[in-house]
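Everything on this sheet refers to the single structure shown next.
The values are calculated or read from the model by the stated rules, or taken from the named source; none is laboratory data. All values reported here derive from a predicted model rather than from experimental measurement. Cβ: placed from backbone, ideal geometry, glycine included. Neighbour counts: every protein chain shown. Just the protein is used for accessible areas: all its heavy atoms, side chains included, with ligands, DNA and RNA removed. Shrake-Rupley method; radii C 1.70, N 1.55, O 1.52, S 1.80 Å.
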Amino acid sequence: MGVLAAGRVALLASAGGVGKSHALCQLALAVSVGDHKDIKWLGTFNVEKGGRVLLVMGEEEEAEIRRRLYDAARVMGFSDPQKRIAMDRIVPMALAGQTGLALTHSEAERQGKAETPFAEALVERLNASGPWTCVILDPLARFAGGDVEKDNAAATELVQVLEKLSHCL
């Protein structure tokens, strides 16, 4: 039995600065090569289905994403050919410095529609350039609407938008 089910929304949460982004880079790498006896996510978990990964990083430049991926590949023991395969299957989406990344509107902005233009564009991109095996968004704070942490309805809307993204896989 796997830890993360394919096609489902999952959240990796903890205090800041403990390595969530590094763990997510390792997840992207593990998914990119798929079921491989020597490559496991966090050194423990097998990935049954490999393929393309969209790695959406809200606080990183592309060069930093690539540096993180190469560092994670080194830690995971990737060979040079495995690194090349993995890097070809991971598409970084570097959004450092950009605004308007929330996937849902705040209550004041909603006007009957939960998802934002950014969420709609992300769904369109996934559908137009698939197939994808995994989409990773990091960090949640950049993509969650302003009301998510204090309003259950807003949190539910965020999960619904994330589920819509997962249906693009």
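Remark: pairs (first residue in the range 122-146, more than 21 Å from Glu60 (Cα to Cα) and hydroxyl-bearing (Ser, Thr, Tyr); second residue open to solvent by 40 Å² or more (accessible area, probe 1.4 Å) and not in a helix (DSSP H, G or I); Cβ separation under 9 Å; 6+ apart in sequence or on different chains) = Ser129/Arg52; Thr133/Ala6; Thr133/Lys49; Thr133/Arg52; Thr133/Leu169.
Tell me, please, whether a residue that is more than 17 Å from Pro139 (Cα to Cα), within 17 Å of the chain's Cα centre (by Cα) and in contact (Cβ under 8 Å) with a residue 40 or more places away in the chain can be found in the range 91-105. There is no residue in the range 91-105 that is more than 17 Å from Pro139 (Cα to Cα), within 17 Å of the chain's Cα centre (by Cα) and in contact (Cβ under 8 Å) with a residue 40 or more places away in the chain. Can you pull out every residue in the range 51-66 that is not small (Gly, Ala, Ser) and not in a loop (DSSP other than H, G, I, E, B)? The answer is Val53, Leu54, Leu55, Val56, Met57, Glu62, Glu64, Ile65, Arg66.
Just give me the residues in the range 1-45 being of a type in the set (A, V, I, L, M), in a loop (DSSP other than H, G, I, E, B) and in contact with a Lys or Arg (Cβ under 9 Å, 6 or more places away or on another chain), in sequence order.
Result: Ala6, Leu12, Ala13.
Residue count for the range 70-98 under the criterion of being out of contact with any Lys or Arg (no Cβ under 8 Å at 6 or more places or on another chain), basic (Lys, Arg) and open to solvent by 70 Å² or more (accessible area, probe 1.4 Å): the result is 2.
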